[in-house]
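To keep things clear, I will list the structure first and then write my remarks on it.
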Amino acid sequence: MALQFYDLTIASVESQGIDGIALGFDIPKELEGVFAFVPGQYLTLRADVNGEDIRRSYSICSALGAHERRVGIRVLEDGKFSSYAQTLKQGDTVSVMPPQGRFVADIGGKHNYLLIAAGSGITPILSIAKSVLEGEAESQITLIYGNKTTASIMFREELEELKDQFMQRLSLVHVLSRENQDVDLANGRIGLDKLRLMHERGVIEPRTYHGIYLCGPQEMIETCSAGLVEMGAEKDHIHFELFTPADGVGLSVEKRALKQEQAAGDIEVITILDGTSRTFKMDGKTATVLGAAHEAGVELPFSCAGGMCCTCRCHVAEGEAEMDVNYSLESWELDAGFILACQARPKTSKLVLDFDAT
Ligand code: FES
């Protein structure tokens, strides 16, 4: 069955740093299975804000086994969803899609993980860190977390508590770009030079990690991943999740994907979702499949609309299409004919997309 939204009740609302909030959702017994998650996954929240259907993905920050599903949200100036989220209170209901995402860590066994996060990229990383430390008695975690100032650190208290609780197994380094700390290593931004210095000083040892998880802006992920491989990390051990400023890049991407004026087109697109076919016409030059479907009133699953989350993944059953960008499909999926509808532009006069294919 295609992913659908469920109304969940907010069980808790907390401030996190100067501009962050954490929303905790109560999961009714009958939905425990639907909302089961693996540390690192995210939830898609949906709201009608001034008549606009807005969706945003936020990573779960709860540890495995926690009853609530908590997500961390950075509130952005002009952020449509995050501004709305600020008005939410305990007892309100929100439409939430079940957990998704492949930026996951399996829990069980003995691991040595390096986790690197910047800003609100901490949310999936926190879930992984807590789940590993609580669920694997012998595992080690090194967590490097970048922020502007101490005040802007999200989940600061929780991280400190975790450090106190697992003193021998968690090494936590806060890197601040706009506040001076005593240790030079902890000042500035997380990037290649910083990681090299950490390597030289024995804070990290890239060659030894079973898994390296990065969550933050694209530039940080790209430079750090390349640098870590240079320093001996196994490429296959590096996992990353691009952090989308939920209402910044996401909004403009969404505007591009969904709001474009679509020129009349003669390309026939057939979508299959939950066994039901829908047909519409589009022009591949002016719109993506997701944008054209939206204009045509055909509802397709999506979340980020930016090629990052895979919610709109579908199989090309007939015809051909190309993507503007792809940050989430793996090479085997591309080889098998999967595509992201939010990025897809038809190259043939007929395109059949199967959203039920796995
Ligand atoms: S909606 Fe996120 S990748 Fe298409």
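Filtering segment 285-310 down to residues that are of a type in the set (Val, Ile, Thr) and surrounded by fewer than 20 Cβ atoms within 10 Å (Cβ to Cβ), which residue is farthest from the ligand (Cβ to nearest atom)?
Filtering first and then ranking leaves 286.
Looking at segment 202-217, can you tell me whether even one residue there is at pLDDT below 95 and part of a loop (DSSP other than H, G, I, E, B)?
Scanning segment 202-217, I find at least one residue that is at pLDDT below 95 and part of a loop (DSSP other than H, G, I, E, B), so the answer is yes.
Given the residues 158, 138, which is the only one that is over 23 Å from residue 23 (Cβ atoms) and not small (Gly, Ala, Ser)?
Answer to the check: 138.
Looking at (1) without any contact (Cβ under 8 Å) to a residue 40 or more places away in the chain; (2) within 17 Å of residue 149 (Cβ to Cβ); (3) of a type outside the set (A, V, I, L, M), which is the only condition residue 189 fails?
Of the numbered conditions (1) without any contact (Cβ under 8 Å) to a residue 40 or more places away in the chain; (2) within 17 Å of residue 149 (Cβ to Cβ); (3) of a type outside the set (A, V, I, L, M), the odd one out for residue 189 is (1).
What is the one condition in (1) out of contact with any helix residue (DSSP H, G or I) (no Cβ under 7 Å at 6 or more places or on another chain); (2) of a type in the set (Gly, Ala, Ser); (3) away from the ligand (no atom under 16 Å from the Cβ) that residue 57 does not satisfy?
(3)
Six or more apart or on different chains, Cβ under 7 Å: which pairs go from a residue in segment 306-321 that's touching a residue at least 12 places away in the same chain (Cβ under 8 Å) and closer than 13 Å to residue 267 by Cβ to one that's in a strand (DSSP E or B) and within 14 Å of the ligand (Cβ to nearest atom)? Could you list them?
Sorted first by the residue in segment 306-321, then by its partner, the pairs are 321/339; 321/344; 321/345.
Inside segment 58-175, counting only helices (runs of 4 or more DSSP H) that do not spill past its ends, which hold 3 or more residues that are hydroxyl-bearing (Ser, Thr, Tyr)?
Answer list for segment 58-175: 80-86, 122-135.
Among the residues of segment 85-102, is any at pLDDT 95 or above, over 17 Å from residue 168 (Cα atoms) and of a type in the set (Lys, Arg)?
Yes, because at least one residue in segment 85-102 is at pLDDT 95 or above, over 17 Å from residue 168 (Cα atoms) and of a type in the set (Lys, Arg).
Residue 232 is checked against (1) outside any loop (DSSP other than H, G, I, E, B); (2) in contact with an Asp or Glu (Cβ under 9 Å, 6 or more places away or on another chain) and fails just one. What number does that condition carry?
Of everything listed in (1) outside any loop (DSSP other than H, G, I, E, B); (2) in contact with an Asp or Glu (Cβ under 9 Å, 6 or more places away or on another chain), residue 232 misses just condition (1).
Select from segment 332-358 the residues that are closer than 18 Å to residue 273 by Cβ, of a type in the set (D, E, K, R) and away from the ligand (no atom under 16 Å from the Cβ) and list them in ascending order.
350, 356
Take the conditions basic (Lys, Arg), surrounded by 14 or more Cβ atoms within 10 Å (Cβ to Cβ), near the ligand (Cβ under 9 Å from one of its atoms) and closer than 28 Å to residue 43 by Cα and apply them to residue 313. Does it pass?
The answer is yes for residue 313.
For segment 323-352, name all the residues that are among the small types (Gly, Ala, Ser) and either touching a residue at least 40 places away in the same chain (Cβ under 8 Å) or not assigned by TED's automatic domain parsing to the domain that holds residue 291 (or both).
Passing the criteria: 328, 341, 344, 349.
Keeping to segment 192-245, report how many residues are surrounded by 22 or more Cβ atoms within 10 Å (Cβ to Cβ) and of a type in the set (Lys, Arg).
Within segment 192-245, residues that are surrounded by 22 or more Cβ atoms within 10 Å (Cβ to Cβ) and of a type in the set (Lys, Arg) number 1.
Output the residue which, of all residues in segment 319-331 that are out of contact with any Lys or Arg (no Cβ under 9 Å at 6 or more places or on another chain) and within 11 Å of the ligand (Cβ to nearest atom), is nearest to residue 241 (Cα to Cα).
Ranking the candidates gives 327 first.
Residue-by-condition table, conditions (1) at pLDDT 90 or above; (2) in the same structural domain as residue 313 (by TED's automatic domain parsing); (3) surrounded by 15 or more Cβ atoms within 10 Å (Cβ to Cβ):
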position: 13; (1), (2), (3): yes, no, yes
position: 23; (1), (2), (3): yes, no, yes
position: 29; (1), (2), (3): yes, no, no
position: 40; (1), (2), (3): yes, no, yes
position: 46; (1), (2), (3): yes, no, yes
position: 53; (1), (2), (3): no, no, no
position: 57; (1), (2), (3): no, no, yes
position: 61; (1), (2), (3): yes, no, yes
position: 78; (1), (2), (3): no, no, no
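Is it true that residue 70 is surrounded by fewer than 23 Cβ atoms within 10 Å (Cβ to Cβ) and closer than 21 Å to residue 311 by Cα?
Judged against the criteria, residue 70 is not a match.
The values are calculated or read from the model by the stated rules, or taken from the named source; none is laboratory data. None of the values given here were measured: they were computed from a predicted structure. Methodologically, a virtual Cβ is constructed for each residue, glycine included, from the backbone with ideal geometry; neighbour enumeration extends over all protein chains shown.
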